[in-house]
Amino acid sequence: MTLLDAFAGPGRYEAGEPGSPVFILDRLLNHHAVERMNLSRSRVHLVFIERDPARHEHLVSELVAVFGPLEDLPVRVEVRRGEAGKDSLPVLTELGAWGNPILGIFDSWGSVNVPLKVMARIARNRSSEVITTFGPNWFSRREELNADLLDTVFGGRGFWMPAADEARSDERWRAWLGTYRNALKRAGFGYQLQFQLVPRTGQPLYLVFGTGSDAGLRAMKDAMWKVDDRDGESFRDPRNRGGAVAGQIDLFQMEETLDPELVELVTQRLERGDVTVEAVGRWLLTETSRWMSTHALKAARVMRQDGSLVVQSAGKLTNKSVVGLPAPVRS
Ligand SMILES: C[S@@+](CC[C@H](N)C(=O)[O-])C[C@H]1O[C@@H](n2cnc3c(N)ncnc32)[C@H](O)[C@@H]1O
């Protein structure tokens, strides 16, 4: 398999924290199951692309300083100076990556400029996934961005103009993320998830993940629950318009307690009409950042008790039951 980090960065930042290439390689080589992974230089490729010459040079020396000579590692590590948009596909071809799983990480923050055609080529490849990030200022700096570039990234003017026209600043980023999700869908990814990463201090970061596989979808969601919140970091679903950010607690440890984000999202789904619990579960799985199908029945039980959901069908509350919102109270 191949991991492509197309906006790799310098490998280490001024405050000393490791950049993504160092972090990824460290996590892989020191993974508790590393013995069972059968790592080999022909099976596992890590490709890092960085455009800036000084950062590229720094990245190479940082990797060698931390892990030793790259040619002695049990996996193949390629560090290239280049352009993410132009060089990603040629380097994947050169390394013989096609036909085996690829994870593409496009963490540019400010300069989201990778053509949708690159995403579409990765989407067509077996078991492949992409993650694209949008930095905190990306959504407010639209006027600086070039319309022709946006056309290549989003697949055409008609697709992104409605987001550019969104005047409410707290909805603009949601509109752009939704536009990018739709673009990844058109590129061929069956599932697309969106996240807002909320740090304890500083500005949020936005991620869109595309995958074609159920297993990939579940793995990404599981990972969301493992986000380390010791630093106060958490993920928030962009659909969440309430104040509460879902906590990283074991939600169902405490009977009768539901995370406010789950209640808000289930309510949003039911505002569109009555459906089975199973359909709510499917929606939670494919449309929300972290919630799984199994959360639907648990939410329905608790929400029925407090009167925020009604069961429309007869019999016991199960996945087959039809549920809806209570009729509005008339005065
Ligand atoms: C947000 S930083 C990457 C951070 C990195 N993923 C990490 O977590 O440490 C973006 C990097 O992409 C580089 N860059 C900007 N445009 C690029 C392009 N078109 N192709 C490749 N690299 C680019 C910048 O020089 C910068 O180092």
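The values are calculated or read from the model by the stated rules, or taken from the named source; none is laboratory data. Values in this document were obtained by computation on a predicted structure and should not be read as measured data. For neighbour counting, all protein chains shown are included, and Cβ atoms are generated from backbone atoms with ideal geometry for every residue, glycine included. Accessible surface areas use protein heavy atoms only, side chains included; no ligands, DNA or RNA. Shrake-Rupley method; radii C 1.70, N 1.55, O 1.52, S 1.80 Å.
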Checklist entry - In a shell of Cβ-Cβ distance under 15 Å around residue 278, excluding residue 278 itself, what net charge do Lys and Arg (+1) and Asp and Glu (-1) give? => result +4
Item to check | Three semi-axes of the equivalent ellipsoid, the chain, Cα gyration tensor, whole Å, largest first | outcome: 38, 23, 19
Checklist entry - Under a GNM of the chain (C-alpha, springs under 10 Å), which listed residue has the highest mean-square fluctuation: 93, 211, 132? => result 93
Item to check | Dipole of the chain, positive end: most advanced residue of 197, 4, 277 [Cβ charges, Cα centre] | outcome: 277
Next on the checklist: Going by amide H atoms built from the backbone, whose H comes under 5 Å of the H on residue 77, apart from near neighbours?
Outcome noted: 46
Checklist entry - Straight-line reach from residue 320: which lysines have a Cα under 23 Å away, not including same-chain ones fewer than 8 places off? => result 298
Checklist entry - By the scheme Lys and Arg +1, Asp and Glu -1, what is the net charge of all other residues having a beta-carbon under 11 Å from that of residue 211? => result 0
Checklist outcome for this item: The long-range amide H neighbours of residue 102, using H built 1.01 Å from N in the peptide plane and a cut-off of under 5 Å, are 2, 128, 129
Checklist outcome for this item: Here, residue 274 and residue 312, labelled 7 Å along Cα→Cβ, have an inter-label distance in nm of 0.4 nm
Item to check | Segments 30-38, 11-19, 182-190, 52-60 sorted - mean Cβ within 10 Å per residue, highest first | outcome: 182-190, 52-60, 11-19, 30-38
Checklist entry - Carbon-plus-sulfur fraction of the accessible area of segment 141-192, 1.4 Å probe, in percent? => result 50 percent
Checklist entry - Treating the beta-carbon of each Lys and Arg as +1 and of each Asp and Glu as -1, no other charges, what is the dipole magnitude of the chain about its Cα centre, to the nearest 20 debye? => result 1180 debye
Item to check | 1.4 Å probe accessible area per residue over the chain, in Å² | outcome: 50 Å²
Next on the checklist: Rounded to whole Å, give me the distance from the Cα center of segment 270-331 to that of segment 15-38.
Outcome noted: 41 Å
Checklist entry - How would you classify segment 13-76 from its alpha-carbon gyration tensor, with a ≥ b ≥ c the square roots of the eigenvalues: rounded for a/c under 1.5, else prolate if a/b is greater than b/c, otherwise oblate? => result prolate
Checklist outcome for this item: In deg cm²/dmol, rounded to the nearest 500, the helical mean residue ellipticity at 222 nm of the chain, built from -39500 (n - 2.57) for every DSSP H run of length 4 or more, is -11500 deg cm²/dmol
Checklist entry - How much of the accessible area of segment 260-329, probe 1.4 Å, is carbon plus sulfur, in whole percent? => result 56 percent
Next on the checklist: Give me the dipole magnitude in Debye, nearest 20, for segment 1-87 about the Cα centre, with unit charges on the beta carbon: positive for Lys and Arg, negative for Asp and Glu.
Outcome noted: 320 debye
Item to check | DSSP-defined beta bridges in the chain - what % are antiparallel, rounded to 5 | outcome: 55 percent
Checklist entry - Between segment 195-210 and segment 43-68, what's the alpha-carbon centroid distance in Å? => result 25 Å
Item to check | Radius of gyration and maximum dimension Dmax of segment 73-199, Cα, Å | outcome: 15.4, 51
Item to check | Two-decimal Rg/Rh across segment 261-317, once Rg and the Kirkwood Rh are taken from alpha-carbon atoms | outcome: 0.92
Checklist outcome for this item: Length-normalised contact order of segment 1-109, Cα under 8 Å, at least 6 apart, in percent, tallies to 41 percent
